[in-house]
Every structure is written in C-alpha cells, then in structure tokens.
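Trainee: Sharing a structure below in structure tokens format, with a few things to ask.
Any read-out appearing in this document is the output of simple, stated calculations on the displayed coordinates, not a laboratory observation. Computed from a prediction, not measured in an experiment: that's the story for all the values here. Cβ coordinates were reconstructed from backbone atoms using ideal geometry, including for glycine residues, and neighbour counts include every protein chain displayed.
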Amino acid sequence: MITLVLGGTRSGKSRVAEDLLEAHAGPLCYLATGSATDAELAARIAAHRARRPARVRTVEVGSELPAALRDAGPAPTLVDSLGSWVAQHADLTPDVDAVLAALYWRREQQAPTVLVSDEVGLSVHPPTEVGRRFVDALGDVNAAVSGMADDCWLVVAGRVLRLELP
C-alpha cells in the first residue's frame, strides 16, 4: 500500500503520516530527506525525532531517495518529505521515474509506504524564478506519486480529507 499525505506548512501532515506508519507492527523505517539549515529548522527536526517511538529507525537520505526506498526492505516506511527531496537537487529536477519505480517495487514487496509532501497548489505564488521552478517541480512530483498511490490524503488545519480519483 502506497499512501501520499499532502498538506500545507504546519497543517499536521507529518503527524498524520506518522500515525499511519505506527499503525503497523514491528520495526519501522523513517526516511528523512531534509537537513537542518538553520536553528529553527533544527528545532523542528528535533521535535519530529522526539515523538518517534524506539522501534522507528531513522535514515537521513537527502537526495538518494530511490535507493533508500529499496534499501528499507519490507519494513513499513515513511518518507518525510518529497518537498525536501526536490530541494536537495540544485537544478530542481529529481529523478521522479526512479522514485516511482522504487515505489512500484515496494508495492510488489507488499511493503507499506507513506510519503509526506507539501501541497503547493494552495500556497502563495513565489515571487522568484527559482521559487516558481520549485513549485512546478514539486507539483509534478506530487501528481506523479498521487497517480500511482493507493491512497491519498489532504491535511488542512489538522483535519484529514481522503482524495478520490476523478
């Protein structure tokens, strides 16, 4: 089962995704794609780490998400987040096909996977060229992952909406 959890900044999307992951028994894997670039982000990352149970193994993967998804094996796995993964690429052109292939492989292995991403379609329009390229790139990634996901959720103000296919 592949599940995508979308939401805006501070919407509660990571907590919803963590709850979905922790519903599984046994060891769990948390693939972190971001890194602390300032004190405030370091505090947010520390808060995320502090609320994870001991049975969650955290792996900092940066831009190496496709390989990390395979390396996680059959353990239920959470990816937080696709936005940080896109941002890890200086040209903002991550290998989406490689991530999709890894997700299809995880589905074949019956390895539950929860992915977190920012829903950029509801955000403020970026005033810079690089900001617009980021929004476009993440929007494309979200659409591609959503298109193959078994389930997709939108979190707004801590409330969860299931997104249905048209």
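Trainee: Return the loop-located GluC sites (Glu not before Pro) in region 67-166 (DSSP other than H, G, I, E, B) with at most 10 other Cβ atoms within 10 Å of their own Cβ; answer none if there are none.
Mentor: The qualifying sites are E164.
Trainee: Of L154, L31, L122, which is the most mobile in a GNM of the chain whose springs link Cα atoms less than 10 angstrom apart?
Mentor: So, out of L154, L31, L122, the one fluctuating most is L122.
Trainee: Related question: What does the net charge come to around V156 if you take all other residues with beta carbon closer than 10 Å to its beta carbon, with K and R at +1 and D and E at -1?
Mentor: Taking every Cβ under 10 Å from that of V156, the sum is +1.
Trainee: Modelled label-to-label distance, Y104 and A157, 7 Å Cα→beta-carbon offset: nm?
Mentor: 4.0
Trainee: Any idea what diffusion coefficient the chain gets from Stokes-Einstein, in µm²/s, Kirkwood Rh on alpha carbon pairs, 25 °C, 0.890 mPa s?
Mentor: Translational diffusion coefficient: 154 µm²/s.
Trainee: Each label point is 7 Å from the Cα along the Cα-to-Cβ direction; what then is the distance between the points at R15 and A54, in nm?
Mentor: 2.5
Trainee: Expected output is a single nm value to one decimal: the length gained when fully extending between E129 and A23, i.e. 0.36 nm times separation in residues minus the C-alpha distance. What is it?
Mentor: Full extension from E129 to A23 adds 34.1 nm.
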